[in-house]
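Chemist: Structure below; questions to follow.
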Amino acid sequence: MTDLKAKFLEVYSVLKSDLLEDPAFEFTDDSRQWVEKMLDYNVPGGKLNRGLSVIDSLSLLNDRKELSPDEIFKASALGWCIEWLQAYFLVLDDIMDGSHTRRGQPCWYKLDKVGMIAINDGILLRNHITRILKKYFRPEPYYVDLLDLFNEVEFQTASGQMIDLITTLAGEKDLSKYSLSIHRRIVQYKTAYYSFYLPVACALLMAGKNLDNHVDVKKILIDMGIYFQVQDDYLDCFADPEVLGKIGTDIQDFKCSWLVVKALELCNEEQKKILSENYGKDDAACIAKIKALYNDLKLEEVFLEYEKTSYENLTSSIAAHPSKAVQAVLLSFLGKIYKRQK
């Protein structure tokens, strides 16, 4: 895996060089330095799970036969397109949420001399994806399918972000507007499609498969993505920020988090009053009261029970799939996220 990650990072350097020499734009030294710094700060700094999953999935779909150097490069390039997409979402998401840290460092827009230029940087990050796809995949029979896939997943993710933002607006007036079904809808569109379905869909296209014939795989991956986001909501409150790499802000940001939805389900009238009076306030005392309430409601135990049930449901859905290669891909994904700490 270490060797694979090293190869993957080498491909990042190739793609970055391509973009900094793109003939469609006449770079000055200043603009080239800006883009290079922006890319290095925002694109390769995460766990790279989404990107590496494309190579992993393609290998499993090929019955673990050794991939050719060209297949590894192309799968890596698609993996990086997903990491670029992630960077684009996060740069803009951090501005919208007023976040301070990301991956253990200040958010890009928080840096001196960056500020709101970060919005244009986000647009550039998105445009880099189509430049990479054009350079390396235009001759491929699945090129149009790739473009469609990235466009559709971006649309779904942006729509999920929109539901998240407008639900928060409604929730600020009335906390009872938050429900498990709304939470699931936000998560499905905002996280699950690009984090779980997209890497496998890229591998399926490279393996010559028709995505219309793999709707069942999409469903399992969306369910996995929802489980992943519930973990994220849990970790935002209960994980050590040092381990997580960021300071959780769901409580003060009035997020429609799985924890607040479960709290609303389980609390009595008096506890509901505590929730209404303190949730969404950027005040240490209010945040502490919400965390204390979560502890009183034993939300940690409720989460562990949810995690156990989700894992059992996912493993039985995977076992029912007719293809052993597809099963291996899905189990590989599940193995990476089950019981994660960050």
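Chemist: I'd like the full set of residues that are assigned to a loop (DSSP other than H, G, I, E, B) and open to solvent by 40 Å² or more (accessible area, probe 1.4 Å), limited to segment 63-82. Please lay out each step first, then the result.
Modeler: Within segment 63-82, the subset assigned to a loop (DSSP other than H, G, I, E, B) is 63-68.
Hits for segment 63-82 are 63, 64, 65, 66, 68.
Chemist: Please count how many residues of segment 146-178 are in contact with a Phe, Trp or Tyr (Cβ under 9 Å, 6 or more places away or on another chain), small (Gly, Ala, Ser) and either open to solvent by 90 Å² or more (accessible area, probe 1.4 Å) or within 30 Å of residue 277 (Cβ to Cβ) (or both).
Modeler: 3
Chemist: Then there's this: Tell me which of these residue 152 doesn't satisfy, since it passes every other one: (1) under 29 Å from residue 306 (Cα atoms); (2) within 20 Å of the chain's Cα centre (by Cα); (3) charged (D, E, K, R).
Modeler: Here residue 152 clears every test but (1).
Chemist: Would you mind finding the one in 175, 165, 133 that is under 19 Å from residue 258 (Cβ atoms) and out of contact with any Gly (no Cβ under 9 Å at 6 or more places or on another chain)?
Modeler: Numbers: 175 fails: out of contact with any Gly (no Cβ under 9 Å at 6 or more places or on another chain); 133 fails: under 19 Å from residue 258 (Cβ atoms).
Being under 19 Å from residue 258 (Cβ atoms) and out of contact with any Gly (no Cβ under 9 Å at 6 or more places or on another chain) holds for just one of 175, 165, 133, which is 165.
Chemist: Output yes when any residue across segment 88-97 is within 22 Å of residue 205 (Cβ to Cβ) and out of contact with any Gly (no Cβ under 7 Å at 6 or more places or on another chain), and no when none is.
Modeler: So in segment 88-97, the residues within 22 Å of residue 205 (Cβ to Cβ) come out as 88-89.
Still in the running and out of contact with any Gly (no Cβ under 7 Å at 6 or more places or on another chain): 89.
Yes, the conditions are met somewhere in segment 88-97.
Chemist: Moving on. Scan segment 17-42 and report the pairs whose first residue is in contact (Cβ under 8 Å) with a residue 60 or more places away in the chain and whose second residue is open to solvent by 70 Å² or more (accessible area, probe 1.4 Å) and not polar (S, T, N, Q), with Cβ atoms within less than 7 Å and a gap of 6+ or a chain change.
Modeler: Correct list of pairs: 18/135; 19/131; 22/131.
Chemist: When you check residue 120 against the structure, is it open to solvent by 10 Å² or more (accessible area, probe 1.4 Å), touching a helix residue (DSSP H, G or I) at 6+ places or on another chain (Cβ under 7 Å), closer than 23 Å to residue 155 by Cα and not hydroxyl-bearing (Ser, Thr, Tyr), yes or no? If you could, list the steps in order and put the result at the bottom.
Modeler: On the way: open to solvent by 10 Å² or more (accessible area, probe 1.4 Å): yes; touching a helix residue (DSSP H, G or I) at 6+ places or on another chain (Cβ under 7 Å): no; closer than 23 Å to residue 155 by Cα: yes; not hydroxyl-bearing (Ser, Thr, Tyr): yes.
Considered against the rule, which asks whether it is open to solvent by 10 Å² or more (accessible area, probe 1.4 Å), touching a helix residue (DSSP H, G or I) at 6+ places or on another chain (Cβ under 7 Å), closer than 23 Å to residue 155 by Cα and not hydroxyl-bearing (Ser, Thr, Tyr), residue 120 comes out as no.
Chemist: On to the next question. Search segment 223-248 for residues that are within 19 Å of residue 160 (Cβ to Cβ) and pair each with any residue that is β-branched (Val, Ile, Thr) and open to solvent by 20 Å² or more (accessible area, probe 1.4 Å) when their beta-carbon atoms are under 8 Å apart and the residues are at least 6 apart or on different chains.
Modeler: 236/249
Chemist: Same structure again: Please determine, by comparing only the residues of segment 96-113 that are without any contact (Cβ under 8 Å) to a residue 60 or more places away in the chain and outside any loop (DSSP other than H, G, I, E, B), which one is surrounded by the most Cβ atoms within 10 Å (Cβ to Cβ).
Modeler: So the residue we want is 109.
Chemist: Right, next: Going through segment 52-74 one residue at a time, which ones are under 19 Å from residue 331 (Cβ atoms) and of a type outside the set (D, E, K, R)?
Modeler: First, pick out the residues of segment 52-74 that are under 19 Å from residue 331 (Cβ atoms): 52-65.
Residues satisfying the conditions are 52, 53, 54, 55, 57, 58, 59, 60, 61, 62.
Chemist: Right, next: Open to solvent by less than 60 Å² (accessible area, probe 1.4 Å), within 30 Å of residue 217 (Cβ to Cβ), in a loop (DSSP other than H, G, I, E, B) and out of contact with any helix residue (DSSP H, G or I) (no Cβ under 9 Å at 6 or more places or on another chain) - does that describe any residue in segment 3-10? Full working, then the answer.
Modeler: Just the residues of segment 3-10 that are open to solvent by less than 60 Å² (accessible area, probe 1.4 Å), to begin with: 4, 6, 8.
Cutting the leftovers down to within 30 Å of residue 217 (Cβ to Cβ) gives us 4, 6, 8.
From what's left, in a loop (DSSP other than H, G, I, E, B): none.
The answer is no, given that none of the residues of segment 3-10 is open to solvent by less than 60 Å² (accessible area, probe 1.4 Å), within 30 Å of residue 217 (Cβ to Cβ), in a loop (DSSP other than H, G, I, E, B) and out of contact with any helix residue (DSSP H, G or I) (no Cβ under 9 Å at 6 or more places or on another chain).
Chemist: Could you tell me how many of the residues in segment 281-312 are hydrophobic (A, V, I, L, M, F, W, C), open to solvent by 30 Å² or more (accessible area, probe 1.4 Å) and closer than 22 Å to residue 228 by Cβ?
Modeler: 2
Chemist: While we're on this one: Is at least one residue of segment 245-266 open to solvent by 60 Å² or more (accessible area, probe 1.4 Å) and within 21 Å of residue 173 (Cα to Cα)?
Modeler: The answer is yes; a qualifying residue exists.
Chemist: Considering only segment 243-256, I want to know if a residue exists there that is more than 17 Å from the chain's Cα centre (by Cα), under 28 Å from residue 54 (Cα atoms) and among the aliphatic types (A, V, I, L, M).
Modeler: yes
Chemist: Continuing with this model, one more query. Determine, yes or no, whether residue 338 is of a type in the set (Phe, Trp, Tyr), touching a residue at least 12 places away in the same chain (Cβ under 8 Å) and open to solvent by less than 50 Å² (accessible area, probe 1.4 Å). I'd like the intermediate steps shown before the answer.
Modeler: On the way: of a type in the set (Phe, Trp, Tyr): yes; touching a residue at least 12 places away in the same chain (Cβ under 8 Å): yes; open to solvent by less than 50 Å² (accessible area, probe 1.4 Å): no.
Against the criterion (of a type in the set (Phe, Trp, Tyr), touching a residue at least 12 places away in the same chain (Cβ under 8 Å) and open to solvent by less than 50 Å² (accessible area, probe 1.4 Å)), residue 338 does not qualify.
Chemist: Which one is least open to solvent (accessible area, probe 1.4 Å), of the residues in segment 12-31 that are over 28 Å from the mean Cα position of the chain (by Cα) and of a type outside the set (A, V, I, L, M, F, W, C)? Explain how you work it out, then say what you get.
Modeler: Just the residues of segment 12-31 that are over 28 Å from the mean Cα position of the chain (by Cα), to begin with: 21, 23-31.
Remaining after also requiring of a type outside the set (A, V, I, L, M, F, W, C): 21, 23, 26, 28-31.
On the way: 21: 122, 23: 129, 26: 164, 28: 81, 29: 111, 30: 116, 31: 31 Å².
The selected residue is 31.
Chemist: Right, here's the next one. Those residues that are without any contact (Cβ under 8 Å) to a residue 12 or more places away in the chain and not basic (Lys, Arg), I need them from segment 165-213; list them, please.
Modeler: 166, 169, 170, 174, 181, 210, 212, 213
Chemist: Pairs please, first residue from segment 129-154 and in contact (Cβ under 8 Å) with a residue 24 or more places away in the chain and within 15 Å of residue 210 (Cβ to Cβ), second anywhere and open to solvent by less than 70 Å² (accessible area, probe 1.4 Å) and aromatic (Phe, Trp, Tyr), Cβ atoms under 6 Å, 6+ apart in sequence or on different chains.
Modeler: 146/137
The values are calculated or read from the model by the stated rules, or taken from the named source; none is laboratory data. The model shown is predicted, which means the values in this text are computed figures rather than measured ones. Using ideal geometry, Cβ is built from the backbone for each residue, glycine included, and neighbour counts are taken over all protein chains shown. Remember, those area values only see protein heavy atoms, side chains included, never the ligands or the DNA or RNA. Shrake-Rupley method; radii C 1.70, N 1.55, O 1.52, S 1.80 Å.
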